[in-house]
Structures are given as C-alpha cells and as structure tokens.
Amino acid sequence: MTTRQSSAIAVTGLRKSFGDQVVLDGLDLTVRRGTVFSLLGANGAGKTTTVKILSTLLSADAGEVQVAGHDLAREPDAVRAAIGVTGQFSAVDNLLTGEENLLLMADLHHLARGEGRRRAAQLLEQFDLVEASRKPASTYSGGMRRRLDLAMTLVGSPQVIFLDEPTTGLDPRSRRNMWQIIRDLVAGGVTIFLTTQYLEEADELADRIAVLDHGRVVAEGTAEELKRRIPGGHVRLRFAAPQGLDAAMGLLGQATRDNDALALRVPSDGSLRSLKTLIDRLDDRAIEVDELSVHTPDLDDVFLALTGDSTNEKVTTR
Amino acid sequence: MSTHTLTGPAPAGLRFHPLRDSATMLRRNLKRMLRYPSMTVMLVGMPVVFLLLFVYVFGGTLGAGLGGPVHSGAVGGRAEYANYVAPAIILMTVTSTVQGTAISIAMDMTEGIIARFRTMHIARVSVLTGHVLGSVIQAVFSLVIVIGVALLVGFRPAAGLGGWLAAAGFLVLVTFALVWLAVALGQVSKSVETASNLPMPLVLLPFLGSGFVPTDSMPAGLRWFAEYQPFTPIIETLRGLLMDKPIGNNGWIALVWCAVIALGGYLWSKRLFNRVGSR
C-alpha cells in the first residue's frame with residue numbers, strides 16, 4: 001500500500017457482521033484518484049454494506065479506511081465534506097420540486113443565494129430536467145428521479161462519489177444516459193466508486209473492477225485482465241441433424257458436444273483466420289452447419305467462473 | 001478542497017452551522033406541510049370534531065354533572081361544559097399535531113432522504129430541529145383555528161391579556177416538549193403506520209385525566225392514575241390561566257413535567273438519530 005497519497009479510497013481488512021451473518025470478511029481495496037472503481041457482485045454479496053460503511057452510514061467491526069485522505073473512524077466529518085452518495089433507493093424529497101430539491105442541497109452546502117440558484121439551474125440543464133424543474137419529484141419517472149438524485153449529490157462538488165447500483169431498474173436508454181453522465185464526471189476529475197450487478201456496466205465504465213463474493217474480493221483488475229484470467233473463447237456450431245454433429249465431432253476432435261441442442265463448442269480465439277480454417281474444414285467434408293456463433297470471454301464468464309466455483313466447491317465438499 | 005490537515009483547527013469549510021442548517025430544514029418542512037395539506041387538515045380536524053361532539057352530544061348531560069363550587073356561576077349544562085372541556089380540546093390539538101410530527105419523521109426515515117442528510121457535512125441535529133420548529137409553527141396555526149371554533153361554540157374564557165399571553169407561552173412550551181417526544185417516537189417506528197399509532201396514548205391521556213370530567217368522579221384506581229399523570233396538571237394549569245382561576249401547585253408540576261418530557265425526548269431523539277444505521 002504505497003499509493004495511499006494518490007488513492008481516493010484505501011480500505012484494509014474491512015469486516016462487518018450482522019449477528020452471526022458475516023457480510024464483509026476482510027475487504028481490501030484501493031481506488032486511485034480520478035478513476036472509476038467498480039465493485040461487482042450479486043445481490044447480497046456485500047456491495048451496499050461496503051458503500052454504507054465508506055460513506056459513514058454504518059460503522060465497521062474492524063479494518064482501516066481512508067476516504068479522500070481522511071480516516072473514516074477519526075474524521076467522519078471531513079470524509080462527509082468530501083464525498084457524495086447516490087444510493088440504491090432514491091434520496092430525493094418527493095414533496096419538493098426538482099429545483100427545490102437542488103436549492104435545498106445548495107442551502108445545506110452554504111452556497112450564497114445567487115450561487116446556489118446558478119448551480120441548480122446548471123445542474124437542471126446538465127441533467128435534462130429543466131422542463132420538470134417545477135414539478136414535484138413524486139411525479140418523476142425512474143430515470144428522472146435517478147438523475148435528480150445524482151444532481152443533488154453533485155451540488156456540493158464532491159471529490160469522491162459513491163454510486164450504489166445507479167442504473168438498477170432503469171430502462172436501457174436511461175441507463176446509457178447515466179453512463180454518459182458518469183463518464184463526464186470522471187473526465188472532470190472526480191473519483192467514482194460504483195457498485196453494480198451488471199457486468200456490462202462495469203466493463204463500460206470501470207478502470208478497475210473488484211469482484212465481490214460472500215464479503216470477499218475474489219478477483220481484481222481491469223476488465224481485460226479479468227477476462228484474460230479465464231479461457232472461455234469458443235465457437236458454437238449448431239447442426240440440423242445428429243449426423244452432422246457426429247461428423248463434426250469426428251473431424252474436430254477437441255470439442256465439447258451438447259446432444260440436446262445438437263451443438264458443438266469448439267475452443268477458438270475468435271480470430272478471422274481460425275474461423276476461416278474451421279469453416280474450410282467443415283466445408284471440405286460437406287458438413288451442414290445450421291448456425292455458427294463466436295463467443296469471446298466476457299465478464300459474465302469471469303463472474304460465473306469466479307463466483308460459481310465457490311458454490312460448487314461448497315456443494316462437493318459437503 | 002484537498003485538505004490534508006490531520007491535526008489543528010478545522011478548516012473553514014468544516015465548521016458547522018446549526019442555526020443556518022436548522023433554518024434550511026425548517027423551510028423544507030414548512031414547504032412539505034403546504035404540499036401535503038390533507039395532513040394539516042386531519043390534524044386540525046380531529047380536535048374540532050371532538051369539540052363539537054363533546055359540546056353538542058355529551059355536553060348537556062356532562063355539564064349537568066359537573067356541579068361543585070369550583071364551577072359555580074354556570075348558566076347551564078352545555079355552556080358550562082364548553083368552558084370545562086375547551087382546555088382539554090386545546091391540549092388535544094397539541095397532541096394531534098405531535099402525532100403528525102411522528103408521522104412525518106417516519107415518512108422521512110423511510111424515504112431515503114435522511115440517509116442523504118446523514119452522509120452530508122451538516123449540523124446533524126438540524127434535521128430534527130427543523131421538524132421540531134415546523135411542528136411548533138403548525139401547532140400554533142392549529143391552535144388558533146381550534147380556539148376560534150371553541151369561541152364560536154360557546155367557550156367563554158375569563159382571562160385578560162396577561163392570562164392569554166401566559167396560556168400561549170405555556171402551550172408553546174407543552175408543544176415543544178411533546179414534539180421532542182414525538183420525534184423520538186417517529187424514529188423508533190419502523191413504518192409510517194406504526195408512527196401514527198405510537199403517539200396514540202398521548203391523544204388518549206387527556207381522557208384519563210381531568211380533561212373531560214373531574215377526576216373525583218372516577219373510581220379509586222383510575223383516579224389515582226388520573227391525578228398523577230402529566231396531562232392533569234397541564235390541563236389544570238391551562239384551565240386556570242384561561243378561566244382566570246388559581247392554579248396552585250399545578251403550574252410548577254406542569255412545568256417540571258414539560259422540562260422532563262422535553263429533555264428526555266431530546267436526548268432520546270438525538271441518540272436514535274446518531275445511532276449508526278442498521279442495515
């Protein structure tokens with residue numbers, strides 16, 4: 001841990017239990033300033049608990065945490081002054097309008113009246129909420145509400161922003177919108193700590209990804225590094241008849257067959273050359289292929305390989 | 001904002017502004033009351049309905065039973081009872097408002113905005129003081145309406161300006177104390193429904209005191225309870241101030257009760273709010 005100075009978040013040995021249930025089991029994380037760090041995990045992996053602890057909402061049982069250069073346990077107020085949190089459940093005042101919600105934040109950050117109004121107007125513009133600014137937040141759609149929520153977080157210009165599943169429950173368009181907003185924020189120099197259960201989201205946004213499973217980090221790295229960790233690239237061939245499947249199996253040898261689907265999984269790096277060779281060989285024997293699809297390993301494979309194994313282990317050792 | 005000072009005085013940006021933050025939170029709560037008027041209407045409506053019920057339905061009979069030298073000079077059952085019950089109804093206006101406080105605190109707690117406030121660098125207590133001040137203002141508003149209706153249905157207080165001012169100050173004090181208790185009750189409630197039920201005893205206590213009938217008409221056990229519970233001295237003080245009658249020890253006892261309830265409610269609320277959240 002030599003990079004404490006340049007890190008926005010540094011966590012060592014973080015533990016938390018609720019009764020007998022261990023939620024975080026010795027978590028170590030380092031997030032560099034100005035990057036997006038994604039904590040990836042299934043429901044119940046401990047993502048929200050981590051965010052709650054790092055954002056001062058919950059106390060840890062053990063562990064050292066520094067956020068924006070401040071010790072979480074000794075200087076929670078300094079941490080609060082440096083962070084912004086947008087949680088999984090919207091933290092907007094439903095009875096106030098979008099604009100009033102932003103002005104409330106401006107007042108709580110002690111911005112001067114004019115400055116607060118300017119900031120609110122600018123954020124309404126930036127988050128495409130100008131038209132709805134005079135309507136109560138209770139009338140907003142899910143996507144609008146999430147945007148307002150994030151805009152409220154930004155009023156105080158935080159250095160470190162925690163986003164707990166910011167796109168859960170959003171439609172694809174709102175999700176892409178949110179991604180763009182997050183990219184713009186990072187371009188502006190803030191550090192983002194993002195939790196998500198969507199691998200695609202981590203892949204799109206994160207500089208580094210930690211896979212969380214049962215309160216432990218089971219893998220950490222860039223999306224590319226994680227993908228490289230597991231061999232998963234293959235070509236899938238589907239046949240119209242079992243004869244085709246048998247013939248191809250005989251020809252290709254080192255393939256896995258799926259009799260029910262009449263399909264064959266052939267290991268491949270997915271390159272054009274290897275595909276051409278494969279197709280030529282099938283063509284030479286006049287084997288009819290119904291469908292061909294190429295699978296490069298994606299984070300889904302990584303995720304399932306990393307978190308699925310642990311469940312299998314448990315099952316087999318029982 | 002890249003301060004790395006680990007020791008020494010807090011930088012300017014890290015100072016707390018409890019008054020300013022409380023004013024901000026008060027503005028928020030007043031806006032919420034305006035946006036959600038049905039709550040205010042319900043809170044004022046309840047004491048008004050009870051007033052009409054007790055004066056017009058039960059008033060004739062209950063008034064005839066009041067008797068005694070304490071309530072002399074009465075012209076008739078209903079008119080006398082209107083004078084007797086009005087202070088209890090006025091107090092009920094306060095307990096009803098306070099029930100609203102518990103509900104709106106619980107609403108806040110379930111809505112996630114409190115979690116946001118907790119992660120912000122603000123004077124924490126302002127979240128609560130905003131509610132307390134808002135509720136006191138709401139209570140004053142409700143009290144004006146309820147006292148107005150009481151005057152219309154025959155309440156004839158004997159107090160002069162001094163008595164009215166003392167009664168007003170006393171009511172604000174009682175409200176302030178009960179609101180802090182309600183802030184705690186709103187926080188311990190896991191849901192809005194619970195929050196509306198938990199303060200129910202506060203609404204019922206005036207019935208088990210000298211609010212609606214004199215305590216000497218009650219059976220021994222209940223009478224003992226009625227005479228020692230906090231609402232009896234509070235009602236007697238209010239009745240004395242408004243009807244220009246001597247209040248004896250009740251004034252001091254009521255003030256001590258208010259201080260105890262306010263302090264207890266405040267400490268309990270603060271502890272609940274600073275408790276690091278559950279899951």
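Numbers below:
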{"item": "Positive-end residue, segment A:7-228 charge dipole about Cα centroid, Cβ charges, pick of A:A132, A:N101, A:L24", "result": "A:A132"}
{"item": "A:R265, A:R119, reordered so the largest accessible area comes first (probe 1.4 Å)", "result": "A:R265, A:R119"}
{"item": "Tilt relative to chain B, helix B:77-111 - C-alpha long axis, 0 to 90 degrees, to 10", "result": "20"}
{"item": "Local net charge near A:V85, Cβ-Cβ under 14 Å (Lys/Arg +1, Asp/Glu -1)", "result": "+3"}
{"item": "Spin-label pair A:R265/B:V49, simplified geometry with 7 Å Cα→Cβ offset, distance in nm", "result": "6.6"}
{"item": "Qualifying GluC sites (Glu not before Pro) for segment A:72-179 [loop in DSSP, other Cβ within 10 Å: at most 16]", "result": "A:E131"}
{"item": "Within chain A, percent of DSSP bridges classed antiparallel, to nearest 5", "result": "65"}
{"item": "Gaussian network model of chain B, springs between alpha carbon atoms under 10 Å - residue of B:T237, B:T24, B:T119 with greatest fluctuation", "result": "B:T119"}
{"item": "Shielding by other protein chains, B:107-119, mean Cβ within 10 Å", "result": "6"}
{"item": "Debye, to nearest 20: dipole size of chain B, +1 on Lys, Arg Cβ, -1 on Asp, Glu Cβ", "result": "1120"}
{"item": "Relative contact order of chain B, defined on C-alpha pairs under 8 angstrom at six or more residues apart (%)", "result": "23"}
{"item": "Neighbour net charge for A:Q243 - beta-carbon separation under 15 angstrom, K R +1, D E -1", "result": "0"}
{"item": "Charge dipole magnitude, Cβ of K and R +1, D and E -1 - the protein assembly as shown, Cα centre, debye nearest 20", "result": "1780"}
{"item": "Cα→Cβ-extended label distance, 7 Å offset, between B:T110 and A:E200, nm", "result": "3.4"}
{"item": "Computed Kirkwood radius, in angstrom, where 1/r is averaged over Cα pairs of segment B:13-149", "result": "17.1"}
{"item": "Over segment B:123-279, relative contact order from alpha-carbon pairs under 8 Å, at least 6 apart, %", "result": "32"}
{"item": "For chain A, the Rg and Dmax computed from alpha carbons only, in angstrom", "result": "24.3, 79"}
{"item": "Chain A: angle of helix A:299-317 to the longest principal axis, Cα-based, in degrees nearest 10", "result": "80"}
{"item": "Residue of B:Q99, B:Q229, B:Q187 that the Gaussian network model of chain B assigns the largest fluctuation, springs spanning Cα pairs under 10 Å", "result": "B:Q229"}
{"item": "Gaussian network model of chain B, springs between alpha carbon atoms under 10 Å - residue of B:G160, B:G240, B:G264 with greatest fluctuation", "result": "B:G160"}
{"item": "For segment B:164-236 versus segment A:57-78, the gap between their alpha-carbon centres in whole angstrom", "result": "43"}
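The values are calculated or read from the model by the stated rules, or taken from the named source; none is laboratory data. Computed from a prediction, not measured in an experiment: that's the story for all the values here. Because the Cβ atoms are built from the backbone with ideal geometry, glycine has one as well, and the counts that use them run over all protein chains shown. Protein only, heavy atoms only, side chains kept; ligands, DNA and RNA dropped before computing areas. Shrake-Rupley method; radii C 1.70, N 1.55, O 1.52, S 1.80 Å.
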